[in-house]
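The values are calculated or read from the model by the stated rules, or taken from the named source; none is laboratory data. All of these numbers come straight from a predicted model, not from anything done at the bench. As a convention, Cβ positions derive from the backbone with ideal geometry for all residues, glycine included, and neighbour counts pool all protein chains shown.
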Amino acid sequence: MADLTAQMEENDWLFRRMVRRFVKERDKISVEDIALPGLLILRSIQLGGMQKLGELAEQLDLTSGAITALCDKLEAKGFAQRRRLEGDRRNVWLDITEEGRQLLNRYPELGKRGVGLIFGNFNEEDLAAQKEMFQRIYANLEGFSERYMAMVQEYEQQLKQVPESKTVPSPPAKNNYFLNY
């Protein structure tokens, strides 16, 4: 069991390290002064038509602040335009302009090639296994914070029942290349 726990902890550390590296590398990418998430916004609108900002944020896993900043930049460059529909003043929609379409046309298949840089050296079997693992991790994340906080409350209840003089701090982990929570 200790070996399995160590493997899970190492996988957790590697997963978080991978996510941080991806975000760090992604944030270095800019095409004609538009960050990669901005290009993803334009591509989504090109494929699906005008979209609500909230739906774009959800679809691309961006915060409302991030989507607003990206839309400001896209509008300033003339690649997109915010719209409010008559009778629906509460929702803000984003549409691609002709200049935005031309930008995407200047860089055909950029997205496919970018994905290839990350996953291109994996075979079909590897990709299928990754997909299954990513889906399982994603499913495990549903309600993660609530379950974690329930564990914290459980520990807090246990601590209230044990006299302070009896609590013993845990020894530090032997493998300190990753941190436990």
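List the helices (runs of 4 or more DSSP H) that sit entirely inside region 10-81 and contain at least 3 residues that are free of Cβ contacts under 8 Å to residues at least 60 places away in the same chain, of a type outside the set (D, E, K, R) and touching a His at 6+ places or on another chain (Cβ under 7 Å).
Numbers: elements: 36-48, 53-59, 64-76.
Per the criteria, no element qualifies.
Being under 18 Å from the mean Cα position of the chain (by Cα) and surrounded by 13 or more Cβ atoms within 10 Å (Cβ to Cβ) is the filter here, so list the residues in region 27-41 that pass it.
Scanning region 27-41 gives Ile29, Ala35, Leu36, Pro37, Gly38, Leu39, Leu40, Ile41.
With the requirement that a residue be more than 21 Å from Arg90 (Cβ to Cβ) and in contact with a Leu (Cβ under 7 Å, 6 or more places away or on another chain), what does region 45-59 give you?
Gln46
Applying the selection to region 120-142, what residues are under 17 Å from the mean Cα position of the chain (by Cα), surrounded by 10 or more Cβ atoms within 10 Å (Cβ to Cβ) and of a type outside the set (D, E, K, R)?
Gln130, Met133, Phe134, Gln135, Ile137, Asn140 - these are the residues of region 120-142 that are under 17 Å from the mean Cα position of the chain (by Cα), surrounded by 10 or more Cβ atoms within 10 Å (Cβ to Cβ) and of a type outside the set (D, E, K, R).
Tally the residues that are hydrophobic (A, V, I, L, M, F, W, C) and exposed (fewer than 15 other Cβ atoms within 10 Å of the Cβ), restricting the search to region 70-83. Walk me through it before giving the result.
First, pick out the residues of region 70-83 that are hydrophobic (A, V, I, L, M, F, W, C): 70-71, 74, 76, 79-80.
Remaining after also requiring exposed (fewer than 15 other Cβ atoms within 10 Å of the Cβ): 76.
Residues in region 70-83 being hydrophobic (A, V, I, L, M, F, W, C) and exposed (fewer than 15 other Cβ atoms within 10 Å of the Cβ): 1 in total.
In the set Arg113, Arg89, which member is exposed (fewer than 14 other Cβ atoms within 10 Å of the Cβ), at pLDDT below 95 and not in a helix (DSSP H, G or I)? Explain how you work it out, then say what you get.
Details: Arg113 fails: not in a helix (DSSP H, G or I).
Criteria check complete, one pass: Arg89.
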